[in-house]
Amino acid sequence: MNYIFDGLREAGRLILTLDADVMDAAARSLWVSSAAVILAMLLGIPLGVLLARVAFPGRRAVIVVSRAAMAVPTVFVGVVCYAMFNRSGPLGPLEILLTPWAIVIGEFLLALPIIISLTHNAVASLDARVGETAWTLGAGRLRRWLTYLSEARSGVALATLTAFARCVTELGVAMIVGGNLPDRTRTLATAAALENSKGEFARGLAMGILLLCISLGVTCVIARVGRERQTS
Amino acid sequence: MIEVDNLSVSKSGQTICAVSSFSLAEGEVAVAVGQNGSGKSTFLRVLAGLERDYAGKCDVSVASRQRVFVHQTPYLFRGTVWSNVMYGLKAHGVANRDQHAENWLQRFGIGQLANRGVDQLSGGEKKRTALARAFAIGAKLILLDEPFSEIDDEGTAIITEVLKSANEATIVLTTPSDRYQRLESAKELRITAPAQSAVASGKN
């Protein structure tokens with residue numbers, strides 16, 4: 001049992017002294033996940049509104065596929081991205097394998113279905129009077145869509161935070177297409193896995209605790225947004 | 001401005017609204033009177049262009065952007081009374097928006113509520129906000145679904161006064177009772193259950 005307490009003590013020291021390796025992995029985790037989620041928001045939010053408000057052939061199928069894709073294993077996405085980005089793959093000439101941008105794209109693919117599905121849910125469950133009121137007051141399509149997002153903003157915020165939580169804690173994509181290279185592609189999740197496999201329990205634990213803190217922080221915000229949504 | 005002939009709306013094979021004949025000229029006010037479930041709201045929705053699946057004739061010679069419809073229980077967007085009234089004014093690109101908004105809030109007796117959040121309004125205040133928002137855009141055809149429900153006597157008097165003085169607009173409103181009696185010049189349309197027919201009658 002002692003090694004666990006020693007590990008916890010050492011983990012605390014690494015975090016409090018802002019250990020360079022730990023902070024480097026934490027910073028990379030945050031920016032890579034943020035970039036992936038922002039890109040997913042740019043595409044996923046309009047698609048979510050489109051699915052909720054515009055009828056077109058195959059809409060039902062797209063909704064089902066995006067919901068199913070929310071649970072796709074991160075390792076599977078990592079393997080697919082590897083197949084695309086490796087030298088002989090169709091996107092090999094881009095030479096982004098083993099760079100943070102490969103992780104960004106992989107995590108973007110993880111975040112996208114979450115943002116599409118949860119935005120669709122939030123907008124589709126709006127009161128029918130929202131669209132009717134906006135239309136009858138003379139709002140054009142763009143203004144109506146912005147109104148839907150404004151009225152469903154708690155749900156859209158929930159979608160974004162859920163996607164971020166999924167990205168920042170994932171291991172499969174970062175490990176397979178990032179390669180866990182120090183100072184280049186190492187994230188908190190890959191670093192925690194590596195340090196643990198090397199027997200560096202304290203360092204692995206420090207990374208894990210930081211990851212846990214980020215997840216807990218995001219979960220608290222999700223819970224708060226969820227409460228606001230219920231009361232609004 | 002409005003010509004209706006043998007209009008009927010059906011949902012799931014059941015007729016939910018039937019109006020045999022109705023016409024209204026520009027600047028006139030009409031009141032559709034009928035019990036709950038008689039199809040008054042559906043009739044208004046057809047006139048507004050919100051309900052397009054109907055049989056019969058319904059000619060409204062006003063562009064859809066010049067019609068405004070207020071639900072029986074209006075929906076106010078998140079924000080304040082002021083931001084709600086500004087919504088339609090911005091959508092229509094109206095000049096002097098502040099002046100218009102101020103004017104209509106005063107006319108509906110809610111000028112002092114301009115900065116209040118919509119979640120802090122009573123039912124009657126919400127209704128008056130929605131009416132001010134609708135009238136502010138200067139639509140040619142104003143359709144009001146039970147504007148006097150959930151309104152106290154003071155509110156009823158204010159709304160009635162606005163309706164009487166809005167000469168530039170054509171107005172159709174619904175009511176389940178005779179609370180519109182003070183609109184002496186209003187044309188009346190009795191709407192009964194869809195199995196029976198509805199005929200417009202002048203009431204002066």
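So, in Å, what gap is there between the alpha-carbon centers of the stretch B:63-98 and the stretch A:111-170?
21
If you wrap a convex hull around the alpha carbons of the stretch B:2-201, what volume per residue comes out, as a whole number of Å³? Don't skip to the end; give the middle numbers.
On the way: hull volume 23.1 nm³, N = 200.
Cα-based convex hull of the stretch B:2-201, divided per residue, equals 115 Å³.
May I ask for the angle, rounded to the nearest 10°, between helix B:153-165 and the longest principal axis of chain B, with both axes built from Cα atoms and the value confined to 0 to 90°?
Approximately 80 degrees, to the nearest 10.
If you find the alpha carbon centre of the stretch A:74-98 and of the stretch B:16-62, how far apart are they in angstrom?
That distance is 61 Å.
Using only Cα atoms, tell me the angle between helix A:188-197 and the longest principal axis of chain A; keep it within 0 to 90° and round to the nearest 10.
30
Taking the DSSP beta bridges in the stretch B:2-201 as the whole, what percent of them are antiparallel, to the nearest 5? Mind dumping the intermediate values first?
Numbers: 17 of 35 bridges.
Antiparallel bridges make up about 50 percent of those DSSP assigns within the stretch B:2-201.
May I ask for the angle, rounded to the nearest 10°, between helix A:201-231 and the longest principal axis of chain A, with both axes built from Cα atoms and the value confined to 0 to 90°?
20
I need to check one value: relative contact order of chain A, counting alpha carbon pairs closer than 8 Å and at least 6 residues apart, in percent. List each step's numbers first, then the result.
Values: 314 pairs, mean separation 71.5, N = 232.
Relative contact order of chain A: 31 percent.
Roughly what % of Cα-Cα distances in chain A sit above 22 Å, to the whole percent? Intermediate results must be reported in sequence, preceding the final value.
Values: 15626 of 26796 pairs.
Everything past 22 Å amounts to 58 percent.
Relative contact order for chain B using alpha-carbon pairs under 8 Å, separation at least 6, rounded to a whole percent? Mind dumping the intermediate values first?
On the way: 420 pairs, mean separation 65.8, N = 204.
RCO, chain B: 32 percent.
Please give the charge dipole size of the stretch B:1-139, origin at the Cα centre, charges +1 on K and R Cβ atoms and -1 on D and E Cβ atoms. Round to the nearest 20 debye.
460
Which of the three applies to the protein assembly as shown, rounded, prolate or oblate, going by the alpha-carbon gyration tensor with a ≥ b ≥ c and a/c under 1.5 meaning rounded?
Working: a/c = 3.43, a/b = 2.49, b/c = 1.38.
It is prolate, given that a/c is not under 1.5 and a/b is the larger ratio.
State to the nearest 20 debye the size of the charge dipole of chain A about its Cα centre, where the only charges are +1 on K and R beta carbons and -1 on D and E beta carbons. The partial results should precede the final answer.
Values: 21 positive and 15 negative charges, 187 e Å.
Once rounded to the nearest 20, the dipole reads 900 debye.
If you count the DSSP beta bridges with both ends in the protein assembly as shown, what percent of them are antiparallel, to the nearest 5?
On the way: 17 of 35 bridges.
If we restrict to bridges inside the protein assembly as shown, about 50 percent are antiparallel.
If each residue's Cβ is checked for other Cβ atoms within 10 Å, how do B:104, A:31, A:145 rank with the fewest at the top?
Details: B:104 24, A:31 13, A:145 21.
Fewest-to-most ranking of B:104, A:31, A:145: A:31, A:145, B:104.
Bear in mind these aren't lab numbers, they're just calculated from the coordinates by the rules spelled out. The structure displayed is predicted, hence computed values, not measured ones. Here the Cβ is made from the backbone with ideal geometry for all residues, glycine too, and neighbour counts use every protein chain on show.
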